[in-house]
Amino acid sequence: MLDSSHEFYLSSAEKQLILKGIRNGLERFYKDREGKSALVTERNFISRQRASYVFDSIYHIANQHPELNVSPEIRTAGLSYEYVSLFFETRKIVVTFSQVKRPEDLPEYSEYRNEYTEGNRLYNPQLSFFREEDEFNLNIYKHLVVTFNGSHGPDPLFIWIGATTPEQNAWIYHEELTVDVGVGR
C-alpha cells in the first residue's frame, strides 16, 4: 500500500468531528431502540436506520464547527437512499461513510461513491508510473471513506478511514481513526 496519508491528511479536530458524529449517532440510535420489541423483519432495515442516525449526527456536528471549513451535504443515491458527505473545500477532499463488518473490509461498491473515487486515481500505486497531473486532475476531489461497525451497541467496534482505488476494489490508504485521535466524548 502506497504511503499517501499526507495527500489525504485530516487534522485531529476534523478526525474528532468524525469520531464524535459516529459515536453520538450510535448512542442516539441505541437509546431510541431501548425497551422496544424487535421486529421479526427488522434486519431488512436496521442497518439503514442506524446509518441514518449516524449521518444525521455528523451533519449537525459539522454545521456546529464552521472553523473547520467543512461543508456537510445531504445527498441521495438511487431513488431513496440519503447519505451525508463532508466536503473539505480548501484541500479538495470529500468524505463518505460506510458500515462494514471488519476493519479491513472495503465498503460495498456503490455508484454514488464512484463519482468521488475518480480523484484517487493519482494516488493509486498501480498507476503511479502513468501520472498525468493536468488542470482537470487538480480540480477533482480526493475521496476518503470512513468505515465503522456499530452493530453491537453504541460503542463502535472500530472506526477506520481510508482511500480506495477508483474501482473501489482495493485500499490505497487505510488507518484506524482512534489511534491518532483521543477518544473523548
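Read-outs throughout are calculated quantities, based only on the coordinates presented, and are distinct from any laboratory measurement. Please read these numbers as outputs of a predicted model, since none were measured by experiment. Backbone-built Cβ (ideal geometry, glycine too); neighbour counts: all protein chains shown.
How high is the FRET efficiency from HIS60 to GLU175, r the C-beta distance, R0 22 Å, rounded to 0.05? Write down the numbers at each step before the final one.
Details: r = 26 Å, r/R0 = 1.16.
Efficiency, from the Cβ-Cβ distance: 0.30.
How high is the FRET efficiency from HIS152 to ASP105, r the C-beta distance, R0 25 Å, rounded to 0.05? If you can, show how the numbers build up before the last one.
Details: r = 15 Å, r/R0 = 0.61.
Efficiency computed from Cβ-Cβ geometry: 0.95.
Testing the spin-label approximation: label points 7 Å from Cα along Cα→Cβ at ARG48 and LEU79. State their distance in nm.
For ARG48 paired with LEU79, the spin-label model returns 1.1 nm.
I need the peptides 88-98, 106-116, 71-81 ranked by packing, meaning the mean over residues of other C-beta atoms within 10 angstrom, with the highest value on top. If you can, show how the numbers build up before the last one.
Values: 88-98: 18.0, 106-116: 15.1, 71-81: 11.4.
Top to bottom by mean Cβ count within 10 Å: 88-98, 106-116, 71-81.
Using a 7 Å offset from the Cα along the Cα-to-Cβ direction at both SER71 and TYR112, what is the distance between the two label points in nm, to one decimal?
Result for the modelled spin labels: 1.8 nm.
Under 17 Å between alpha carbons, and skipping anything fewer than 8 positions from LYS92 in its own chain: which lysines qualify?
LYS15, LYS142
Could you give the nm distance between label points at ARG33 and GLU167, where each point is 7 Å from its Cα heading toward the beta carbon?
3.5 nm
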